[in-house]
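Working notes, structure below.
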Amino acid sequence: MGKRSVYLDVVKGVAIILVVFAHCIQFGSGEVFHATQQYFGDAVFSFIYGFHMPLFIAVSGYLFCSSVDRHTAGEVASSRLRSLLVPIVVWQTLYLLILFLMGQIQLSADLVYTYRGGLWFLWSVLICSLIVLTGRVLFKDSIFFCLLVWVLLLFVPEQQLSSLHVFMFPYFAAGYYWNRYGMQDRYNRLSCRTKGAVGGISFMGFLLFYFFYDAPERSIYLNGTCLLGRDSMTGQLLIDLARYVYGFLGVSAVMILIDLVLPLFKESVACKYLVELGKMSLGIYVINHYTYDLMLLLPISSNYAYLLTMVETVITIIVIYLAVRLIEKNRICAFLLLGKSLRA
């Protein structure tokens, strides 16, 4: 994809800003606001959560296709384990060590299970990558293989596999096959008017779901995906399917919007910063994941304003950006904390 160096990094830059902003709503709006889970009913929080992580992982799937085209399956698997599993293990170990030194936990074998919950998005990317890679090696990139896997995943209990990973899989696979079958080239040949029409329809569809479907009880974080053990398996399946359509509409609308407006500010300072944030999105996500609890210490009334959230977001991104740059200066730290290659 010709625009990869700018377009996809801008998309990731926008996505990581939304991730941090949503976390600031959740954790930086006062202890009462967080403890009572009022964020699930927050209009902006719900809007962002309708598409931001599906957007992230769809881009990951797209780029993964380019990786498997350039390297062997073994090289790709090894690279994924290094870039994703190493930071997961190292960060969670450091986190548990701090809790132990503070006297908040005791050492036990049960702590091993906490690694499953740390940095869930990196786990999702790793799981999705290995599934798609298996389909490529054994079934020649069969879409039917991924469809079958997705259906089977809907029957896996939350205790065995987080619903978040199940939810992410179709978006990752969609990004992968979009690249695999050259759909981006076909999209690029469309006129701006056609792109705008598709983007507009996607956005209107997203808004319909946002206003008339989205509700806390249907949130992936509260409702899950597993079809087993439900009062109505059909009802849960409809919730799952509607949730996927909702996310795909949001992803489509955002990516088309960025594609259409990017030429207008491609040479601007704002674009440069978005590209930089996109390149560092993994590091920003990782550090933000392990630091957003600190925001609960801020003496903020639950009657917060979004202006405060924006200020918190800017400060958080600047501090984490500087931390990532500092980590990247040392190859060992970059390897352990960010999954970077040890090669110069």
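Please work out if residue 326 is loosely packed, with under 13 Cβ neighbours inside 10 Å, part of a loop (DSSP other than H, G, I, E, B) and of a type in the set (A, V, I, L, M).
Working: loosely packed, with under 13 Cβ neighbours inside 10 Å: yes; part of a loop (DSSP other than H, G, I, E, B): no; of a type in the set (A, V, I, L, M): yes.
No.
Report whether or not residue 214 is in a helix (DSSP H, G or I), among the acidic types (Asp, Glu) and in contact (Cβ under 8 Å) with a residue 60 or more places away in the chain. Quick ask: steps written out before the conclusion?
On the way: in a helix (DSSP H, G or I): no; among the acidic types (Asp, Glu): yes; in contact (Cβ under 8 Å) with a residue 60 or more places away in the chain: yes.
Here the answer is no, as residue 214 does not meet what is asked.
Considering every residue within segment 121-136, establish whether at least one is over 20 Å from residue 77 (Cβ atoms), open to solvent by less than 10 Å² (accessible area, probe 1.4 Å) and touching a residue at least 24 places away in the same chain (Cβ under 8 Å). Explain how you work it out, then say what you get.
The initial filter retains those residues of segment 121-136 that are over 20 Å from residue 77 (Cβ atoms), namely none.
Looking through segment 121-136, none of the residues is over 20 Å from residue 77 (Cβ atoms), open to solvent by less than 10 Å² (accessible area, probe 1.4 Å) and touching a residue at least 24 places away in the same chain (Cβ under 8 Å).
Report whether or not residue 57 is open to solvent by less than 10 Å² (accessible area, probe 1.4 Å) and either closer than 26 Å to residue 340 by Cβ or not in a helix (DSSP H, G or I) (or both). Before the answer, list the steps.
Values: open to solvent by less than 10 Å² (accessible area, probe 1.4 Å): yes; either closer than 26 Å to residue 340 by Cβ or not in a helix (DSSP H, G or I) (or both): yes.
In short, yes.
Condition check: under 20 Å from residue 335 (Cβ atoms), open to solvent by 40 Å² or more (accessible area, probe 1.4 Å) and touching a helix residue (DSSP H, G or I) at 6+ places or on another chain (Cβ under 8 Å). Does residue 97 satisfy that?
Spelling it out, it is not the case that residue 97 is under 20 Å from residue 335 (Cβ atoms), open to solvent by 40 Å² or more (accessible area, probe 1.4 Å) and touching a helix residue (DSSP H, G or I) at 6+ places or on another chain (Cβ under 8 Å).
For segment 287-299, indicate whether the set of residues that are in contact (Cβ under 8 Å) with a residue 24 or more places away in the chain, assigned to a loop (DSSP other than H, G, I, E, B), over 27 Å from residue 6 (Cβ atoms) and out of contact with any strand residue (DSSP E or B) (no Cβ under 6 Å at 6 or more places or on another chain) is non-empty.
yes
Give the residues of segment 224-246 that are over 18 Å from residue 153 (Cα atoms) and under 18 Å from the mean Cα position of the chain (by Cα), sorted by residue number. Can you show your working first?
The first filter runs over segment 224-246 and keeps only residues over 18 Å from residue 153 (Cα atoms), leaving 231, 246.
Within segment 224-246, just 246 meets the criteria.
Every residue, every condition in (1) more than 19 Å from residue 67 (Cβ to Cβ); (2) aliphatic (A, V, I, L, M), yes or no:
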site	(1), (2)
101	yes, yes
109	yes, yes
130	no, yes
134	no, no
144	yes, no
155	yes, no
166	yes, yes
170	yes, no
173	no, yes
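Working carefully through the options 260, 282, 274, 227, find the one that is touching a residue at least 40 places away in the same chain (Cβ under 8 Å), outside any helix (DSSP H, G or I) and not polar (S, T, N, Q).
Numbers: 260 fails: outside any helix (DSSP H, G or I); 282 fails: outside any helix (DSSP H, G or I); 274 fails: outside any helix (DSSP H, G or I).
Residue meeting the stated conditions: 227.
Does residue 139 satisfy the condition of being open to solvent by 50 Å² or more (accessible area, probe 1.4 Å) and out of contact with any His (no Cβ under 9 Å at 6 or more places or on another chain)?
Working: open to solvent by 50 Å² or more (accessible area, probe 1.4 Å): yes; out of contact with any His (no Cβ under 9 Å at 6 or more places or on another chain): yes.
Yes, satisfied.
Where residues in segment 23-50 are of a type in the set (Phe, Trp, Tyr) and closer than 13 Å to residue 308 by Cβ, which of them is surrounded by the fewest Cβ atoms within 10 Å (Cβ to Cβ)?
Keep residues of segment 23-50 that are of a type in the set (Phe, Trp, Tyr), which gives 27, 33, 39-40, 45, 47, 49.
From the residues that got through so far, the ones that are closer than 13 Å to residue 308 by Cβ too are 27, 33.
Details: 27: 23, 33: 21.
Ranking the qualifying residues of segment 23-50, first place goes to 33.
Out of 214, 231, which single residue is open to solvent by 60 Å² or more (accessible area, probe 1.4 Å) and modelled with pLDDT under 95? Even if it seems obvious, please write down each step before you answer.
Working: 214 fails: open to solvent by 60 Å² or more (accessible area, probe 1.4 Å).
So the residue among 214, 231 that is open to solvent by 60 Å² or more (accessible area, probe 1.4 Å) and modelled with pLDDT under 95 is 231.
Can we say residue 40 is in a helix (DSSP H, G or I), among the hydrophobic types (A, V, I, L, M, F, W, C) and at pLDDT below 95? Break it down stepwise before answering.
Working: in a helix (DSSP H, G or I): yes; among the hydrophobic types (A, V, I, L, M, F, W, C): yes; at pLDDT below 95: yes.
Criteria met by residue 40.
Filter segment 100-120 down to the residues that are assigned to a loop (DSSP other than H, G, I, E, B) and without any contact (Cβ under 8 Å) to a residue 24 or more places away in the chain, then identify the one that is least open to solvent (accessible area, probe 1.4 Å).
Just the residues of segment 100-120 that are assigned to a loop (DSSP other than H, G, I, E, B), to begin with: 102-108, 117-119.
Of the ones still in play, those that are also without any contact (Cβ under 8 Å) to a residue 24 or more places away in the chain are 102-108.
On the way: 102: 118, 103: 56, 104: 118, 105: 35, 106: 137, 107: 124, 108: 61 Å².
Selected residue: 105.
I want to confirm something. Restricting to segment 180-209 and keeping residues that are modelled with pLDDT of 95 or more and either in contact with a strand residue (DSSP E or B) (Cβ under 7 Å, 6 or more places away or on another chain) or polar (S, T, N, Q) (or both), which single residue is least open to solvent (accessible area, probe 1.4 Å)?
Among residues in segment 180-209 that are modelled with pLDDT of 95 or more and either in contact with a strand residue (DSSP E or B) (Cβ under 7 Å, 6 or more places away or on another chain) or polar (S, T, N, Q) (or both), the one least open to solvent (accessible area, probe 1.4 Å) is 202.
Can you go through 57, 48, 88 and tell me which one is touching a Ser or Thr at 6+ places or on another chain (Cβ under 7 Å) and on the phi < 0 side of the Ramachandran plot? So that I can check it myself, show each step before the final result.
Details: 48 fails: touching a Ser or Thr at 6+ places or on another chain (Cβ under 7 Å); 88 fails: touching a Ser or Thr at 6+ places or on another chain (Cβ under 7 Å).
57 is the lone residue from the list that is touching a Ser or Thr at 6+ places or on another chain (Cβ under 7 Å) and on the phi < 0 side of the Ramachandran plot.
How about segment 166-210: which of its residues are among the hydroxyl-bearing types (Ser, Thr, Tyr) and part of a helix (DSSP H, G or I)? First the steps, then the outcome.
Of the residues in segment 166-210, the ones among the hydroxyl-bearing types (Ser, Thr, Tyr) are 171, 176-177, 181, 187, 191, 194, 202, 210.
Answer for segment 166-210, where residues must be among the hydroxyl-bearing types (Ser, Thr, Tyr) and part of a helix (DSSP H, G or I): 171, 176, 177, 187, 194, 202, 210.
Residue check, residue 79 against (1) part of a helix (DSSP H, G or I); (2) buried (at least 19 other Cβ atoms within 10 Å of the Cβ), all met but one. Which one?
(2)
The values are calculated or read from the model by the stated rules, or taken from the named source; none is laboratory data. A quick note: this is a predicted structure, and the numbers were derived from the prediction, not measured. Methodologically, a virtual Cβ is constructed for each residue, glycine included, from the backbone with ideal geometry; neighbour enumeration extends over all protein chains shown. The protein model used for the area step is the full one, side chains on, heavy atoms only, and it has no ligands, DNA or RNA in it. Shrake-Rupley method; radii C 1.70, N 1.55, O 1.52, S 1.80 Å.
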